[in-house]
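Reviewing the structure listed below.
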Amino acid sequence: MKLDQEELARTSALTLDHYNERAEAFWEGTRDHDVSQNIVALQQAIESTPPFTILDLGCGPGRDLKVFSELGHVAIGLEGAARFAAMARNHSGCAVWEQDFLELDLPECRFDGVFANAALFHVPSQALPGVLGKLRASLKPGGVLFSSNPRGQNQEGWNSGRYGVYHDLEAWRRHLLAAGFVELAHYYRPEGLPFEQQPWLASLWRRPKS
């Protein structure tokens, strides 16, 4: 069912409210999560010469933003939840742009990589083409988008106060290819477990060079 503009705005506003109200608890619950596999995957897929300019989309309290900065990259965060944005600036020392995913305002051809870890699944499916188009335009030609989302069977709706879309690989692939990306790789996480115990779908996509 298609959402009208008011309903679309509500998906974002209430999801951000959820995170703002639980910012400290979220940080305590996720600050030690190991997503080094994802960080390495993005770095290895970028073909330009480091240091890279990387946008951490939905950076939360700044855990991964700080890692990218410590690796020597120019790391910029983007976060819609005001409390997370403040925490990320404090934790990482990096610039953090406070923006709603549904109202992105990004420079063109700026980034070598976009790191979207547990972020894009919050975008309603009908709004995803526009969001992906803006992310593609923000990448330099040949730049790479990394995404990791909780996978599912394309269910969409509210879950514990947050709006989410739980794409399977084929649906996610259709969205990214339609947005003009070239598929590089995908894998499921956590690594080393049976498929049914791997709730995360990670994937890498390149903006064509020409």
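The values are calculated or read from the model by the stated rules, or taken from the named source; none is laboratory data. Fair warning: this is a prediction, and the values are worked out from it, not measured in the lab. Ideal geometry is used to build each Cβ from the backbone, glycine not excepted, and the neighbour counts take in all protein chains shown. Accessible surface areas use protein heavy atoms only, side chains included; no ligands, DNA or RNA. Shrake-Rupley method; radii C 1.70, N 1.55, O 1.52, S 1.80 Å.
Residue-level check: of (1) loosely packed, with under 14 Cβ neighbours inside 10 Å; (2) of a type in the set (Lys, Arg); (3) under 15 Å from Ser147 (Cβ atoms), Arg31 misses just (3).
Screening segment 88-156 for strands (runs of 3 or more DSSP E) wholly inside it with 3 or more residues that are at pLDDT 95 or above and not aliphatic (A, V, I, L, M) returns the ranges 111-117, 139-150.
Considered as a group, the residues in segment 178-205 that are closer than 15 Å to Ile39 by Cβ and part of a loop (DSSP other than H, G, I, E, B) include one that is least open to solvent (accessible area, probe 1.4 Å), and that residue is Pro190.
For segment 41-68, what are the residues that are free of Cβ contacts under 8 Å to residues at least 12 places away in the same chain and either part of a helix (DSSP H, G or I) or within 15 Å of the chain's Cα centre (by Cα) (or both)? Break it down stepwise before answering.
Residues of segment 41-68 free of Cβ contacts under 8 Å to residues at least 12 places away in the same chain: 44, 49.
Residue satisfying the conditions is Gln44 alone.
Only one of the numbered conditions (1) open to solvent by 60 Å² or more (accessible area, probe 1.4 Å); (2) touching a Pro at 6+ places or on another chain (Cβ under 9 Å) is not met by Phe84, and that is (1). On the basis of being open to solvent by less than 50 Å² (accessible area, probe 1.4 Å), in a helix (DSSP H, G or I) and either under 26 Å from Tyr19 (Cα atoms) or in contact with a strand residue (DSSP E or B) (Cβ under 6 Å, 6 or more places away or on another chain) (or both), does Asn38 make the cut? Taking the combined requirement at face value, the residue satisfies it.
Among the residues of segment 148-176, those identified as open to solvent by 60 Å² or more (accessible area, probe 1.4 Å) and under 17 Å from Pro129 (Cα atoms) are Asn154, Glu156, Glu170, Arg174.
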